[in-house]
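Bear in mind these aren't lab numbers, they're just calculated from the coordinates by the rules spelled out. Model, not experiment: these values are computed from the prediction. Because the Cβ atoms are built from the backbone with ideal geometry, glycine has one as well, and the counts that use them run over all protein chains shown.
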Amino acid sequence: MIYDLAVVGGGINGVGIAADAAGRGLSVLLVEMGDLASGTSSYSSKLVHGGLRYLEHFEFRLVRKSLQEREVLLAKAPHIVWPLRFVLPQGPGGRPWLLLRAGLFLYDRLGSRQRIPGSSAVDLTQDPAGRPLRRDLASGFTYWDCHVDDARLVVLNARAAADKGAAIKTRTRVEAMVADGTEWRIALNSVGGRCEVRARALVNAAGPWIQDVATRFGGGQSGVKEPIRLGRLQSWSQRPESRARRR
């Protein structure tokens, strides 16, 4: 069988790509060398948030999109995504009261909030959240974001991909990926033995192992001119015909 798309990596990015592509009618293969969410996607902050601090850098569009996605997750997966209250004390040396109030006002309204409470001022001398704080931190604000069972979110996305026809193969290591005309030949090694599959396009969504996977393209040549650094956007997809033109 020739797949339309092969995805390497069974974290949230990989399974999300697989579910989206399968939902669009593509034949999809996802391979993961360990178990689903066995890497970064099970060691996250567990937070689903809009990025309150980005408002200071005027990243309004980014915050708005993140808050809208928070609403989507709350609506689709309320059994693993839960509202979480945050307390933001305001005291000497901190950000001015008016700046905090303005930022939280925007935060409440940028994402069309529907399912969680809005922000409010809080008296920390009366609220239980103030008990472990210093006495000079007598006031502040509360606002809401969400927390999530990140590993279960990955598994649910993988299940959605499989329900739409995607093949999900865990404990399967990619040993080599070689362009062959308009297709990729992908050598796999799993507990069931070695095999080769073909795909018309590839996505490297291996997270911290993205550079390691990239070196297996073309028998050891990654096709990436500079090393991929962690902490930056780490996804790479390419059709074999575009790689062939560079050879």
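Taking Lys and Arg as +1 and Asp and Glu as -1, the other residues whose beta-carbon sits under 15 Å from that of Glu71 total +4. In this structure, the amide hydrogen of Gln90, modeled 1.01 Å from its nitrogen in the peptide plane, lies closer than 5 angstrom to those of Ser139, Gly140, Phe141, counting only residues at least 5 positions away or on a different chain.
Cα centroids of region 125-168 and region 14-77: 13 Å apart. For a modelled paramagnetic label at Arg152, 7 Å from Cα along Cα-to-Cβ, the residues of region 60-96 in reach, with backbone nitrogen under 11 Å, are 77-82.
Kirkwood Rh, region 47-148, all Cα pairs: how many Å? Numbers along the way, then the final one.
Values: mean 1/r = 0.0699 Å⁻¹.
Answer for region 47-148: a Kirkwood hydrodynamic radius of 14.3 Å.
Can you check what the net charge comes to around Leu153, using other residues whose Cβ is under 15 Å from the Cβ of Leu153 (Lys, Arg +1; Asp, Glu -1)? Cβ neighbours under 15 Å give a net charge of 0. Here each label is just a point 7 Å from Cα along the line to Cβ, and for Leu133 and Thr170 those points are 4.2 nm apart.
Other residues within the sphere of radius under 10 Å centred on the Cβ of Arg185, judged by their own Cβ, net out at -2 (K and R +1, D and E -1). Within 10 Å of each candidate Cβ there may be at most 16 other Cβ atoms; applying that plus a DSSP loop requirement, which GluC sites (Glu not before Pro) in region 21-67 survive? Loop-located and lightly packed - Glu59.
Counted over all Cα-Cα pairs of the chain, pairs farther apart than 27 Å make up 48 percent. Length available on full extension from Arg198 to Arg101: 0.36 nm per residue minus the Cα-Cα distance, which gives 29.4 nm. A full extension of the chain between Thr125 and Asp212 corresponds to an added length of 26.0 nm, given 0.36 nm per residue minus the alpha carbon distance. If I fit a long axis through the Cα atoms of helix 12-23 and take the longest principal axis of the Cα atoms of the chain, what angle between them do I get, 0 to 90°, rounded to 10? The two axes meet at around 70 degrees. For region 26-82, the set of chymotrypsin sites (Phe, Trp or Tyr not before Pro) satisfying both a DSSP loop assignment and a count of at most 11 other C-beta atoms within 10 Å is given as Tyr43, Phe58.
Angle of helix 150-163 to the longest C-alpha principal axis of the chain, folded into 0 to 90 degrees and rounded to 10: 40°.
Angle, helix 97-110 long axis vs. longest principal axis of the chain, Cα atoms, 0 to 90°, nearest 10? So the inclination is approximately 50 degrees. Only helical runs count toward this figure. For the chain, summing -39,500 (n - 2.57) over DSSP H runs of n ≥ 4 and dividing by all residues gives -8500 deg cm²/dmol at 222 nm.
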